[in-house]
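Laboratory data are not the source of any read-out in this text; all were calculated from the coordinates shown. Small disclaimer: the values here were computed from a predicted structure and weren't measured. Note: ideal-geometry Cβ built from the backbone for every residue, glycine included; neighbour counts use all protein chains shown.
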Amino acid sequence: MRLTGSCYCKAVRFTVTAYAPAPYLRCYCSICRKTAGGGGFAINLGAKADTLEVEGVEHITMFHARIDGQESSGERRFCARCGSALWVFDPAWPDYVHPFASAIDTALPEPPEAVHMMLGSKAPWVRVDARPGEACHDTYPPQSLEDWHRAHNLLDTE
Ligand SMILES: [Zn+2]
Ligand SMILES: [Zn+2]
């Protein structure tokens, strides 16, 4: 699914092809919450890195999160003008890029369920709106973005 995205101020615009476009995976970790998740969580999508086309690349900056005292190799890209979180790219997995659902302007498919991850890092004020039967994980879920999409017949193999 071809997606169009942008930051709030529109200095950065991008398109990318997502193999995992359903915004089902809610991450409550402190990095996502601080940078992209005002309601307590953020949602990452799965897309193909070699399909990413960017306008306004000069406005993008990035940082590396520190996880367990170590600098993560993941590059968290955001707009230096307005602060919008854009995507995460990790050179350790160069085929993939993970746009934040909040940066996408294309209408995304409504996911049939949500999966809640990194609840061990949740802020105490965050109410987890998990429906009965929805998976809740203190850390990472066992299913990858790709596995979940395949299991729900939502994997986009275009
Ligand atoms: Zn911006
Ligand atoms: Zn996170």
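Quick one: grab the alpha carbon gyration tensor of the range 61-108, order the square roots of its eigenvalues as a ≥ b ≥ c, and give me rounded if a/c is under 1.5, else prolate or oblate depending on whether a/b is larger than b/c.
Since a/c reaches 1.5 but b/c is at least a/b, the shape of the range 61-108 is classed as oblate.
Search the structure for amide H atoms under 5 Å from the amide H of GLU75, placed 1.01 Å from N in the peptide plane, and list their residues when 5 or more places away or on another chain.
PHE89, ASP90
Which residues' amide hydrogens lie under 5 Å from the amide hydrogen of TYR8, considering only partners 5 or more residues apart or on another chain, with H built in the peptide plane?
SER84
Under the Karplus relation 6.51 cos²θ - 1.76 cosθ + 1.60, θ = phi - 60°, what is the ordered set of whole-Hz ³J(HN,Hα) values for the range 33-43, x standing for Gly and Pro?
5, 5, 9, 8, x, x, x, x, 8, 10, 10
For CYS79, what is the net charge nearby, where nearby means another residue's Cβ is under 13 Å from its Cβ and Lys, Arg count +1, Asp, Glu -1?
Counting the neighbours of CYS79, the net charge comes to +3.
Could you tell me how far the Cα centroid of the range 114-128 sits from the Cα centroid of the range 28-50, in Å?
Here the two parts' Cα centres lie 12 Å apart.
Find the relative contact order for the chain and round it to a whole percent, using C-alpha pairs within less than 8 Å whose residues are 6+ positions apart.
29
To make sure I understand the rule: partners must be aspartates and glutamates, Cα under 14 Å from the Cα of LYS122, and not fewer than 8 residues away in the same chain. Which ones qualify?
Of all the aspartates and glutamates, those that pass the test against LYS122 - Cα under 14 Å, at least 8 places apart if same chain - are ASP138.
Can you sort MET62, MET118 from fewest to most other Cβ atoms within 10 Å of each residue's own Cβ?
By the 10 Å Cβ count, ascending: MET62, MET118.
In a shell of Cβ-Cβ distance under 13 Å around LEU145, excluding LEU145 itself, what net charge do Lys and Arg (+1) and Asp and Glu (-1) give?
Spelling it out: positives minus negatives among the neighbours equals -1.
Per-residue HN-Hα couplings for the range 63-76, Karplus 6.51 cos²θ - 1.76 cosθ + 1.60 at θ = phi - 60°, whole Hz, x for Gly and Pro?
The phi angles translate into 9, 10, 6, 9, 10, 6, x, 10, 6, 6, 6, x, 9, 8 Hz.
Report Rg (one decimal) and Dmax (nearest whole number) for the chain, counting Cα atoms only, units Å.
15.0, 45
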